[in-house]
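Written below as structure tokens is the structure these notes are about.
Computed from the coordinates by the stated procedures, all read-outs in this text should not be read as laboratory data. Computed from a prediction, not measured in an experiment: that's the story for all the values here. Positions of Cβ are backbone-derived with ideal geometry, glycine not excepted, and every protein chain shown enters the neighbour counts.
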Amino acid sequence: MRPSSGLRAALALVAGLLALAAAAAAQGPEPGAPKRVDLEVLVAYVSDEPGGVDPRAEELDRKLAGQFRYATLRVLDQRRLNLPLGAVESVELPNGRLLNLRAFQLDSRGVLLGVTVTGSLQTDLRVPNGHLVVIGAERYQAGQLVLSLKPVW
């Protein structure tokens, strides 16, 4: 049984729209869209041992204070990465593992980040511009390492 001419026309229209969508996706981001993302990376140590809150970790402390109990929040490493879309940047953590970060995609909803800590964590996160994301990473000494990521573009 042959499809009617109306059905053939509708199928042709759908096929054409799919082809246009595929071509647009293959071209990548819109012209003028940023091709790099600045990523503020903070590696901190939290524990129950007395020690207070490092002033450099104020924003992280505001995020964690109501959710976790700790007596020490100390910044171990703080840097700003300028990530080209698609490239991987690595940060060595104090426990010897590598934190690998990759910005996959940037659109109106945020940046899609691939985050890997070798041997323990692998995840993708979509993070809006200027929002802080916190990841509890690894046991370290008498406490735990905590990572915070804040993309800006």
| task | Check whether at least one residue in region 101-113 is among the aromatic types (Phe, Trp, Tyr) and either within 13 Å of VAL146 (Cβ to Cβ) or in a loop (DSSP other than H, G, I, E, B) (or both), and report yes or no. | result | no
Restricted to region 54-84 and to residues being exposed (fewer than 14 other Cβ atoms within 10 Å of the Cβ) and among the small types (Gly, Ala, Ser), the residue farthest from the chain's Cα centre (by Cα) is ALA71
Restricted to region 114-142 and to residues being in contact with a Phe, Trp or Tyr (Cβ under 9 Å, 6 or more places away or on another chain) and part of a strand (DSSP E or B), the residue nearest to GLU58 (Cα to Cα) is GLY136
| said: Residue under question is LEU147, and the condition is that it be crowded, with 18+ Cβ neighbours inside 10 Å and within 15 Å of TYR45 (Cβ to Cβ); does it hold? | reply: yes
With the condition kept exactly as written, say whether any residue in region 67-80 is touching a residue at least 24 places away in the same chain (Cβ under 8 Å), farther than 22 Å from VAL46 by Cβ and polar (S, T, N, Q).
no
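Could you identify the single residue in ALA87, ALA103 that is surrounded by fewer than 13 Cβ atoms within 10 Å (Cβ to Cβ) and farther than 24 Å from ASP61 by Cβ?
Working: ALA103 fails: surrounded by fewer than 13 Cβ atoms within 10 Å (Cβ to Cβ).
After applying the criteria, what remains is ALA87.
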Filtering region 89-132 down to residues that are without any contact (Cβ under 8 Å) to a residue 24 or more places away in the chain and of a type in the set (Val, Ile, Thr) yields THR116, THR118, THR123
Taking region 55-99 and keeping residues closer than 24 Å to TRP153 by Cα, assigned to a helix (DSSP H, G or I) and of a type in the set (A, V, I, L, M) leaves ALA57, LEU60
